[in-house]
Amino acid sequence: MSGGVDSAVAAARAVDAGHDVVGVHLALARDPASTRTGARGCCTIEDARDARRAADVLGIPFYVWDLAERFERDVVEDFVAEYAAGRTPNPCVRCNERIKFSALLDKALALGFDAVCTGHYARLVDDAGTGARSLHRAVDPGKDQSYVLAVLPPERLAHALFPLGDTPKAAVRAEAAARGIQVAAKPDSHDICFIADGDTRRWLGARLGSRPGPIVDTDGAVLGEHGGAHGFTVGQRHGLRLERPAPDGRPRYVLEIQPVSNTVVVGARDALTVTGVDGEAATWCGPAASVGDRVGVQVRAHGEEVPGTVDVVGPDRGVGVRLDRPLTGVARGQTLALYDGTRVVGSATIGGTRRVA
Amino acid sequence: MTAYLDHAATTPMLPEAVAAMAEQLAQVGNASSLHSSGRRVRRVVEEARERLGAALGAAPSEVVFTAGGTEADNLAVKGLYWSRRAQDRRRRRIITSAVEHHAVLDAVEWLAEHEGAQVVLLPVDGAGRVRTSALQAELEAEPDGVALVSVMWANNEVGTVQPIGEIADIARRHGVPVHSDAVQAVGHLPVDFAASGLDCLTVTGHKLGGPVGVGALLVRRGLELTPVLHGGGQERGIRSGTLDAPAAWAFAVAVEIAVAEREAVTARLTELRDDLVAGTLEAVTDAQLSGPVLNGGSPDGGADGGSRLPGIAHFTFPGCEGDSLLYLLDAQGVECSTGSACQAGVPQPSHVLLAMGVPASRVRGALRFSLGRTSTVDDVRAAVTAIGPAVERARRAGLAAGTS
């Protein structure tokens, strides 16, 4: 229970479904802020209170569990390391993978619980015949969070509960209000929960140091200087201070970040075009994909889904897809999620992209 | 059925105190008003003051009502520091123990950060007892530079009783005022302000069957304290604010009963506590009782030779996290505490245990059971029955989380 409306309503539905529910607020920040400032950040002391009050309304026990150490190690440090390596991490994916459905779930199972229930927008479907469980997109496409849950294997999904998957967000808020849950109108938190002011570049600069370095084009010609390579993302157009415009007069985009040389490579939009994506450390939410499978491909948390064909399934947990139509700005370190209709087939961490040029 | 074993956190109100308070709640009057209604309420406050003073060995003029123990501690520590420094700028050192309640420690730290105080934390031994030799040495080193000494009478987490008589003696000999937070001691140990040699003493209502929200600082006649709260000048200007007459009345009633029945209650609690300890150590063979050892009581009724509070049994359970234990016991209806202050509901490692030299690995699995006047054999039985399985599961959870 984060103190937000989604987890509050999820808990309420779990109670109504007859489960024995205990509300837990995760203390993940080492030094939590006292109050929320708008929609940024999460898990302040004010949020903890909002969660507690929701638990009061539902009549369930409430505890605050400190997982700050694990979170720092498994999510925050990973975030920093990925940027240092020139990749663009998705910490929400790591949090689900390593904290919510790992550290927290393991603790819960040991203490006698059967499942962790969250307010994620996703659906779990259990096959009536085989009993096999699959993860599906939520009915609200704008809020669907199956992408950040696609990293969970079947043995973790077996102990998960997502009561909100079948409801649009607006209806969830209305339900909260009807149930007398105070946070019905509380803004959703977005961006990264541990970067309260939303300024990722500055946060990374503080952690990794910002050294000026060259911005170059694909031929190696120096076009300008950046104040620190970290915080740039592949596909980014803004924030580039270039001394010389491109010969064709068109905007340039970040193609690559080379942390060792502290160089940012830019180029025309075409150069961002990607015809295939290769992933590593694949997790399958059910049976593994096979070469030749037709899949829906999503490479960003709120990105479009593009049809494609699996053309690599490696023994080392590698997977590759060839896209039916190209995508732009696919960043290494993000998650590659594969769908079969609404069903999540699996996911992998993007290790490389296949460019047109 | 709930077994409440958290009396050190707060106690159920005595029926007599509830009745006393309810009776006064119906009266209207500000004790500072000069008319009959005001005087009527004022009389209630003054009688409460006398009764409280009599029960604790203090003259009425030595009783300053506050809104509880935390406020009384702050008034003592800050009030003494500021007045002593005003008299002599050299007096910057505050000597206190490493095991004080946060109401003293945090006030002292604040004075260090904002008011130029220098803090000396007296170390404690493995049982949590202050080494009086350390106090002696500190005072001898530079007596003119010390503002005050503050050492709690008995520790709220592990139950250690401090050598208050000795501490007060040493401080007096060097001309330094000494304060003691006695909130856990009153009703469990003989507390006589006049005989103690102390300059200030904190007592609070809700630890001894009185209401929450009222306490008192006993202040030796003639001692100057700079007020923390300014306003209407109540309590001889030391503590402004409209007096809570109903609460003060209920407080006085509770203190009287607690003091009068101390010996009988203590004897019963000691027996229950000993059973709780024996049962727990049997159920969990590697559990460790924190604080001074039990010596099974002495013939004169002073159990443990007066070295520990009768009702507190604090344990460490290796391989467990406090929050897991709390949850598992709570789910069984056994209510206790990890014994440490909570920030946003998350237990922090206890500074008391750390000061006692308990290794960091054990500090995580700490649990405090505290008995009180309403505790029964059923409470003890519930705790002893629940603890074994709870520890087993908590250990599994500790291993699962990779923290052990």
When the charge dipole of the protein assembly as shown is computed with +1 at the Cβ of Lys and Arg and -1 at the Cβ of Asp and Glu, the Cα pointing farthest to the positive end, of A:Val21, A:Ile99, A:Gly205, is that of A:Gly205
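Output the antiparallel fraction of DSSP beta bridges having both residues in the protein assembly as shown, as a percent to the nearest 5.
On the way: 71 of 98 bridges.
Antiparallel: roughly 70 percent of the beta bridges in the protein assembly as shown.
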Taking the protein assembly as shown and counting helices only, DSSP H stretches of n ≥ 4 at -39,500 (n - 2.57) each over all residues, the nearest-500 ellipticity at 222 nm comes to -10000 deg cm²/dmol
Highest GNM mean-square fluctuation among A:Gly231, A:Gly249, A:Gly59, for chain A with Cα springs under 10 Å, belongs to A:Gly249
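Based on DSSP H assignment, which helices of chain B show an axial Cα extent of at least 18 Å together with a mean Kyte-Doolittle hydropathy greater than or equal to -0.5? Numbers along the way, then the final one.
On the way: long enough: B:36-56 (30 Å, -0.68); B:69-87 (27 Å, -0.75); B:245-260 (22 Å, 1.77); B:262-283 (31 Å, -0.12); B:377-400 (35 Å, 0.25).
Those that clear 18 Å and a mean of -0.5 are B:245-260, B:262-283, B:377-400.
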One finds, for B:Asp378 and A:Ala158 with R0 = 45 angstrom and r their Cβ-Cβ distance, a FRET efficiency to the nearest 0.05 of 0.65
Net charge (Lys, Arg +1; Asp, Glu -1) of residues whose beta-carbon lies under 12 Å from that of B:Lys207, B:Lys207 excluded, is -1
Here P(r) for the stretch A:272-354, Cα-Cα distances in 5 Å bins, as whole percents, is 3, 18, 32, 30, 14, 3, 0
GNM of chain A, Cα pairs under 10 angstrom: of A:Arg300, A:Arg52, A:Arg241, the biggest fluctuation goes to A:Arg241
So, relative contact order of the stretch A:272-354 in percent, Cα under 8 Å, 6 or more apart, is 43
Treating only Lys and Arg (+1) and Asp and Glu (-1) as charged, each at its beta carbon, one finds that the stretch A:69-189 has a dipole about its Cα centre, in Debye to the nearest 20, of 280
To the nearest 20 debye, the stretch B:36-166 has a Cα-centred charge dipole, built from +1 on Lys and Arg Cβ and -1 on Asp and Glu Cβ, of 620
Mean separation of Cα contacts under 8 Å (at least 6 apart) over the residue count of chain B, i.e. the relative contact order in percent, is 22
Most exposed to least, judged by fewest other Cβ atoms within 10 Å, A:Arg332, A:Arg49 sort to A:Arg49, A:Arg332
Treating every alpha carbon of the protein assembly as shown as one equal point scatterer without solvent, the Debye formula yields log10 I(q)/I(0) values at q = 0.05, 0.07, 0.10 Å⁻¹ of -0.36, -0.66, -1.06
Most exposed first, judged by fewest Cβ atoms within 10 angstrom, B:Thr2, A:Thr44 run B:Thr2, A:Thr44
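If you rank B:Val18, B:Val253 by fewest surrounding Cβ atoms within 10 Å, what's the result? Write out the running numbers ahead of the final one.
Working: B:Val18 17, B:Val253 24.
Least to most surrounded, the residues fall as B:Val18, B:Val253.
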Magnitude of the Cβ-charge dipole (Lys and Arg +1, Asp and Glu -1) of chain A about the Cα centre, nearest 20 debye, reported as 620
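Taking R0 as 51 Å, what FRET efficiency do you get between A:Ala178 and B:Arg40 from their Cβ-Cβ distance, rounded to the nearest 0.05?
Details: r = 51 Å, r/R0 = 0.99.
The value I calculate is 0.50.
Over the stretch A:210-267, calculate the relative contact order: mean separation of alpha carbon pairs under 8 Å at least 6 apart, over the residue count, as a percent.
On the way: 115 pairs, mean separation 22.4, N = 58.
Rounded, it is 39 percent for the stretch A:210-267.
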Mean other chain Cβ within 10 Å across B:189-202 is 0
Taking B:379-389, A:153-163, A:215-225 and ranking on average Cβ neighbours within 10 Å, highest first, one gets B:379-389, A:153-163, A:215-225
Nearest-0.05 FRET efficiency for B:Ala195 and A:Arg73 at R0 = 56 Å, using Cβ-Cβ distance, is 0.55
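Could you give the length gained by full extension between B:His230 and B:Glu113, i.e. 0.36 nm per residue of separation minus their alpha carbon distance, to one decimal place?
Numbers: separation 117, 0.36 × 117 = 42.12 nm, distance 2.24 nm.
Here the answer is 39.9 nm.
Here, each number is a calculation from the coordinates, and none is a lab measurement. The shown structure was predicted, so the numbers you read here are calculated from the model rather than taken from an experiment. Here the Cβ is made from the backbone with ideal geometry for all residues, glycine too, and neighbour counts use every protein chain on show.
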